[in-house]
Amino acid sequence: MPQLDRIIVFSQIFWLFIIFTTFYTVLTHFFLPKFLKALKSRKQIIEINTLEIAEIAEKSSSQQNLIQKVLIKNLGLTKNILVNNLNTTLSTKRNSNISMVDEKIGLIIFNMVKYCDAQLLSFISLRPKSLNLKLS
């Protein structure tokens with residue numbers, strides 16, 4: 001049988017060794033540096049993107065803190081204005097004609113602004129009549 005002949009085996013091993021060495025040399029000399037370069041550039045791109053994301057996150061958090069400080073300041077001013085105006089309105093309610101609903105809403109808003117109590121908000125029931133929905 002020719003496939004088991006000892007003379008053919010040596011030539012097959014020789015050519016296997018030559019082809020494998022050539023293939024290995026071509027891969028390591030030409031393709032491996034390009035592959036490593038692509039991996040390195042991807043890693044650098046990822047690092048640059050993470051740095052940019054960190055900078056953007058830091059800027060946005062500082063802007064959020066600034067906006068939060070401004071909101072707290074302005075809400076305090078609004079609270080003072082509402083408390084002062086509602087105090088004068090409620091103290092002079094005997095002299096003016098305010099309906100009962102307006103008086104209750106004024107008291108609720110006054111107490112909500114003054115005490116910031118979430119339970120007071122539950123007294124105001126909002127039901128959209130156009131949709132006939134009951135919110136529970």
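With Cβ to Cβ distances under 15 Å as the rule, what net charge do the other residues near I45 carry (K, R +1; D, E -1)?
Numbers: positive: K37, K40, R42, K43; negative: E47, E52.
Neighbour charge sum, excluding I45 itself: +2.
Efficiency by 1/(1 + (r/R0)^6): what FRET value for S11 and K34, r their Cβ-Cβ distance, R0 = 25 Å, to the nearest 0.05? Walk me through the numbers before you get to the answer.
Values: r = 34 Å, r/R0 = 1.37.
For S11 and K34, the calculated efficiency is 0.15.
Describe numerically, in nm with one decimal, the distance between label points set 7 Å from Cα along Cα→Cβ at Q44 and at T21.
Taking the simple label geometry, Q44 and T21 are separated by 3.6 nm.
Provide the FRET efficiency to the nearest 0.05 for the K114-K69 pair, computing r from the beta carbons and using R0 = 30 Å. Walk me through the numbers before you get to the answer.
On the way: r = 22 Å, r/R0 = 0.75.
The value I calculate is 0.85.
What Kirkwood Rh does segment 2-71 have if only Cα atoms enter the pairwise 1/r average? Answer in Å. Let's see the in-between values first.
Details: mean 1/r = 0.0570 Å⁻¹.
It is 17.5 Å.
Rule-based calculations on the coordinates, nothing more; no lab input. The shown structure was predicted, so the numbers you read here are calculated from the model rather than taken from an experiment. Glycine also receives a Cβ, built like all others from the backbone with ideal geometry; neighbour counts cover every protein chain displayed.
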